[in-house]
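Right, one structure below, let's go through it.
The values are calculated or read from the model by the stated rules, or taken from the named source; none is laboratory data. Note that the coordinates shown come from a computational prediction; the quantities given were computed from them, not determined experimentally. Positions of Cβ are generated from backbone atoms using ideal geometry, with glycine treated the same way; all protein chains shown enter the neighbour counts. Keep in mind that these areas ignore ligands, DNA and RNA; they rest on the heavy atoms of the full protein, side chains included. Shrake-Rupley method; radii C 1.70, N 1.55, O 1.52, S 1.80 Å.
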Amino acid sequence: MQIIKLKTATACFMMLMTTTIYAQQVPQLRADNIDDVLKAMTLEEKAKLLVGGANKFFSSSAVVGNEATLVQGAAGTSPEIPRLGIPATVLTDGPAGVRIDPTRKDDTQTYYATAFPIGTCLASTWNTELVGRVGEAIGNETKEYRCDVILGPGMNLHRNPLCGRNFEYYSEDPLVTGKIAAAYINGVQRQGAGVSAKHFAVNSQETDRTGVDERVSQRAARELYLRGFEIAVRESNPWTIMSSYNRVNGEYSMGNHDLLTKILRDDWGFKGIVMSDWIGIRRGLTTVSEVQAGNDLMEPGQPAQVQEIIAGVKNGHLDIKDVDRNVRRMLEYIVKTPSFNKYPYTNKPDLKAHAAITRQAACEGIVLLKNNGTLPWNSQFSTHNSQSIKTVALFGENSYDFFSGGTGSGCVHPPYVVDMLTGLKNAGIASPETMTDIYRKYIEYARVKFQAERHPGKWFQQEYFGQQKYPEIGLSPIAIEREAGKADAAIITIGRQAGEGIDRDITTEFNLVPEEKALIMDVCNAFHAVGKPVVVVINSGSVIETASWSGYPDAIICAWQPGMEGGNSIADLLTGKVCPSGRLTMTWPLAATDHPSTKNFPLNDDLFSFSNMKNDGRPVPGHDFTNHEEDIYVGYRYFDTFGRTVAYPFGYGLSYTTFDYSKPTAKVTGDGVTVTITIKNTGSMAGKEVVQVYVSAPEGQLEKPVKELKAFAKTHELQPGESQTLVMTIPVRLLASFDEANSQWLSEAGAYNVQIGANIADVRATAQFKLTKAYTEKTSNALQPKQKLNVLRQTK
Ligand code: BGC
């Protein structure tokens, strides 16, 4: 008996010793022992850490990780390595809120997330403090739902209004893009969750997005497509960046050493990780070259990629130093995450508090495009005719089936969406029952019909893709006239849906279709005949044609896709509870073809045709490659410089009050220019003003747009008669143009004109400053185009 006990004790002691020695030899990851962990890793573990783990796209046999680590509906993970105490981290879309499955099998709890305003709406607030608060709320929901990284912000430039994902992006201008993104990122990361700023880079179209070669000059790349990312990297240190699907000047982004290492890391000092957009093994590129280029994490990741990395090191094609460098960056990222820090997530974020934030953010992002004096309604600030609007007839199917956001990976599953009907009702405004009845029944019918007819192979028709746009119904003028008899005013909602994988069509999506135009005409005729106002609400993530019909309604509100509180936000503006202060972050052209980039944009007749040649043998524009012939003349840089008429200029938006701009000053101080101006509310209602600082550079070696946005600020809510002095600093390096010949940024010496405006076409005050000597900043010589581009110039 004694002997048995002794033997058991010895065995226990030996086991304990072995575990202790093993634990000593196998370090468990901490923030301060990354070197030790790296040393202890086998080649297989290193390779594994560079390839995405469990994800929602492949079944378990095809994934590297443990499926239990994934949050249901999240996009993917980085894999766990339990032997070294390395947890999986969870990556979720993004960017307008946390995109996870709202319900789970055999689980009564729900997992709805707040749908915040989409990118264009957020940017249109021009309010970095407010966007920071939205970021905080999103960061909070990310970690409360056991996720680590939100796959956003979307930072591609609105090169052309037809891009299907413009709704996720901010602007045609890189400064707005960079500043708004930095505010969002800082907000998320203040919560201890991470972001993945995407899609790096030049992912300005959806058609052929996994194949297209975006051919762009070094100058346009640096000044426009990369500048926003540069600002965000420098001002907010994103934990991660997502490399895009497309090629840039011949190389796929995820294998593009110039982009991911020379520019991102060497020139800008980026310290985080780069993960690929969700393609896994990509034809035409090896995983080895992605590791070498500096793409640290392959998403969503497949086991064969792990084997490829191992084989690459063994056969000498891949230097273990490159692997170690990326693994180190992965470890540095992992120790920051909520999963690593064992954040006690609740699965119960404060959706009520976040609803208040999204409501306010949407209010500030919605842009009042036209107001003949009818708005606001029912307010002390209303004109005589608008003081008592008790009943509003609602036309357009999206009044009742309101779009809170777009489709694809950018679509969020909110607990509810406040449509126009509900928003008005909450504000004490009723709607006659006939229209409500017609539209409700129609939408029900359209939904069932769509479901019955959708093609199982067309992913963009599936439920998870998001809300669909149904055709408008024809209403006879008699029905409309009857409404004009019953209601005090009319609202027509013009809805547009768009999203991932598909660009927009000019005839049916950018332009209004005949049924919509007829609806606007008929409603305006009927209501105006009895002296009642008509408001058009645009419920679209991006720009539509307005010039042909904007003369008819009394007011036009661009509500974008303003998140789940949309109807309430719009009602706040209609009733003057909030004074509109949103401003456009992109030009609204008269026609889509007015943008010079449309010439090289894949147009509707090319959609889903994956052959790169037209029947007559000519290449299809925007397939296989896209030439950026408009070069630096994107958006207002083109319209303003070339004197083209537009529907609404960049920066445009109306208010219910008026503002006076003082005489500004502009002083060169150290390495920046300080612009100071005082803004006074001269109207009778409290409101905020967006102050935009445009700068014209002196003539020098490089041709430049007539003027470019170099700073902006939004006032706080100014009471009538109240003033605020705004001080804005422009770093001299942000005045620069990119000098390709010398691979450098160049701010030329000479006199600069500062034009401060309410939009680019409405300059209210001017000042001058002088740079006595040129500023230069060397960069790497990266992303040289492989073909000559026939770029647009003012003087040819
Ligand atoms: C999209 C990304 C998204 C990812 C994960 C891709 O198809 O382009 O924006 O984050 O899927 O869902």
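Would a scan of the stretch 559-573 turn up a residue that is open to solvent by 30 Å² or more (accessible area, probe 1.4 Å) and in a helix (DSSP H, G or I)? Lay out the reasoning, then the answer.
Taking the stretch 559-573 and keeping what is open to solvent by 30 Å² or more (accessible area, probe 1.4 Å), we get none.
Looking through the stretch 559-573, none of the residues is open to solvent by 30 Å² or more (accessible area, probe 1.4 Å) and in a helix (DSSP H, G or I).
If the condition is being buried (at least 24 other Cβ atoms within 10 Å of the Cβ) and not small (Gly, Ala, Ser), then the stretch 539-555 contributes 539, 543, 553.
Of all residues in the stretch 175-227, how many are of a type outside the set (Ser, Thr, Tyr) and under 18 Å from residue 134 (Cβ atoms)?
20
Where strands (runs of 3 or more DSSP E) fall wholly inside the stretch 611-722, the ranges with 3 or more residues that are of a type outside the set (Lys, Arg), open to solvent by 10 Å² or more (accessible area, probe 1.4 Å) and over 26 Å from residue 748 (Cβ atoms) are 646-648, 659-661.
Do we find that residue 518 is within 15 Å of residue 395 (Cα to Cα), open to solvent by less than 10 Å² (accessible area, probe 1.4 Å) and not in a loop (DSSP other than H, G, I, E, B) in this structure? In short, no.
Here's a check for you: in the stretch 325-367, which residue that is assigned to a loop (DSSP other than H, G, I, E, B) and out of contact with any helix residue (DSSP H, G or I) (no Cβ under 8 Å at 6 or more places or on another chain) is most open to solvent (accessible area, probe 1.4 Å)? Spell out the reasoning first.
Initial filter on the stretch 325-367 (assigned to a loop (DSSP other than H, G, I, E, B)): 335-350, 366.
Cutting the leftovers down to out of contact with any helix residue (DSSP H, G or I) (no Cβ under 8 Å at 6 or more places or on another chain) gives us 336-337, 339, 341-342, 344.
On the way: 336: 87, 337: 0, 339: 33, 341: 91, 342: 167, 344: 99 Å².
Checking each candidate, the answer is 342.
Residues in the stretch 152-165 that are within 16 Å of the ligand (Cβ to nearest atom) and either assigned to a helix (DSSP H, G or I) or farther than 14 Å from residue 228 by Cβ (or both): 163, 164, 165.
Taking the listed residues 616, 605, 624, the one that is of a type in the set (Asp, Glu), at pLDDT below 95 and within 24 Å of residue 786 (Cα to Cα) is 624, with no other qualifying.
Is it the case that some residue within the stretch 729-737 is out of contact with any Asp or Glu (no Cβ under 8 Å at 6 or more places or on another chain), farther than 30 Å from residue 219 by Cβ and surrounded by fewer than 19 Cβ atoms within 10 Å (Cβ to Cβ)? Please lay out each step first, then the result.
Just the residues of the stretch 729-737 that are out of contact with any Asp or Glu (no Cβ under 8 Å at 6 or more places or on another chain), to begin with: 729-730, 734-735.
Subset that is farther than 30 Å from residue 219 by Cβ: none.
Within the stretch 729-737 (the criterion being out of contact with any Asp or Glu (no Cβ under 8 Å at 6 or more places or on another chain), farther than 30 Å from residue 219 by Cβ and surrounded by fewer than 19 Cβ atoms within 10 Å (Cβ to Cβ)), the answer is no, since none of the residues qualifies.
Only a single criterion out of (1) among the polar types (S, T, N, Q); (2) touching a strand residue (DSSP E or B) at 6+ places or on another chain (Cβ under 8 Å); (3) farther than 21 Å from residue 522 by Cβ is not satisfied by residue 436, namely (3).
So that you can scan it fast, the table gives a plain yes or no per residue for (1) part of a helix (DSSP H, G or I); (2) more than 16 Å from the ligand (Cβ to nearest atom); (3) of a type outside the set (S, T, N, Q):
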{"residue": "442", "(1), (2), (3)": "yes, yes, yes"}
{"residue": "445", "(1), (2), (3)": "yes, yes, yes"}
{"residue": "448", "(1), (2), (3)": "yes, yes, yes"}
{"residue": "455", "(1), (2), (3)": "no, yes, yes"}
{"residue": "468", "(1), (2), (3)": "no, yes, no"}
{"residue": "471", "(1), (2), (3)": "no, yes, yes"}
{"residue": "478", "(1), (2), (3)": "yes, yes, yes"}
{"residue": "482", "(1), (2), (3)": "yes, yes, yes"}
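Being out of contact with any Lys or Arg (no Cβ under 7 Å at 6 or more places or on another chain) and touching a residue at least 60 places away in the same chain (Cβ under 8 Å) is the requirement here; does residue 186 meet it? Considered against the rule, which asks whether it is out of contact with any Lys or Arg (no Cβ under 7 Å at 6 or more places or on another chain) and touching a residue at least 60 places away in the same chain (Cβ under 8 Å), residue 186 comes out as no.
Only one entry of 324, 319, 401 meets the criterion of being at pLDDT 95 or above, under 27 Å from residue 500 (Cα atoms) and out of contact with any Pro (no Cβ under 7 Å at 6 or more places or on another chain), and that entry is 401.
Can you confirm whether the stretch 769-783 contains a residue that is open to solvent by 30 Å² or more (accessible area, probe 1.4 Å), within 24 Å of residue 248 (Cα to Cα) and in a strand (DSSP E or B)?
Pass one, the stretch 769-783, residues open to solvent by 30 Å² or more (accessible area, probe 1.4 Å): 770, 772-778, 781.
Now restrict to residues that are within 24 Å of residue 248 (Cα to Cα): 777-778, 781.
Retained after the next criterion (residues that are in a strand (DSSP E or B)): 777-778.
Yes, the stretch 769-783 contains at least one residue that is open to solvent by 30 Å² or more (accessible area, probe 1.4 Å), within 24 Å of residue 248 (Cα to Cα) and in a strand (DSSP E or B).
The residue that is most open to solvent (accessible area, probe 1.4 Å), among those in the stretch 256-299 that are within 16 Å of the ligand (Cβ to nearest atom) and aliphatic (A, V, I, L, M), is 281. Only residues that are out of contact with any strand residue (DSSP E or B) (no Cβ under 8 Å at 6 or more places or on another chain) and at pLDDT below 95: list them for the stretch 153-211, please. Once the filter is applied, which keeps residues that are out of contact with any strand residue (DSSP E or B) (no Cβ under 8 Å at 6 or more places or on another chain) and at pLDDT below 95, the stretch 153-211 yields 208, 209, 210. Residue 124 meets the stated requirement of being modelled with pLDDT of 95 or more and of a type in the set (Ser, Thr, Tyr). Close Cβ contacts (under 7 Å, 6 or more residues apart or on different chains) running from residues in the stretch 192-213 that are more than 25 Å from residue 180 (Cα to Cα) to residues that are within 11 Å of the ligand (Cβ to nearest atom) and at pLDDT below 95 comprise 210/279. Exactly one residue out of 149, 188, 202, 212 is open to solvent by less than 10 Å² (accessible area, probe 1.4 Å), within 15 Å of the ligand (Cβ to nearest atom), on the phi > 0 side of the Ramachandran plot and not polar (S, T, N, Q), and it is 202.
Annotation note: Cβ proximity below 6 Å between a residue of the stretch 14-35 that is at pLDDT 50 or above and a residue that is open to solvent by 60 Å² or more (accessible area, probe 1.4 Å) (sequence gap 6+ or interchain) occurs for 27/36.
Within the group 430, 484, 452, which residue is small (Gly, Ala, Ser) and open to solvent by less than 40 Å² (accessible area, probe 1.4 Å)?
Of 430, 484, 452, the one residue that is small (Gly, Ala, Ser) and open to solvent by less than 40 Å² (accessible area, probe 1.4 Å) is 484.
If the condition is being open to solvent by 30 Å² or more (accessible area, probe 1.4 Å), part of a helix (DSSP H, G or I) and more than 30 Å from residue 683 (Cβ to Cβ), then the stretch 382-426 contributes only 422.
Candidates are the residues of the stretch 300-324 that are part of a loop (DSSP other than H, G, I, E, B) and buried (at least 23 other Cβ atoms within 10 Å of the Cβ); the one that is nearest to the ligand (Cβ to nearest atom) is 300. Selection of the stretch 487-505 for residues being more than 16 Å from the ligand (Cβ to nearest atom) and crowded, with 18+ Cβ neighbours inside 10 Å yields 487, 488, 489, 490, 491, 492, 493, 494, 495, 496, 497, 504.
The set of residues in the stretch 238-255 that are open to solvent by 10 Å² or more (accessible area, probe 1.4 Å) and within 11 Å of the ligand (Cβ to nearest atom) contains only 245.
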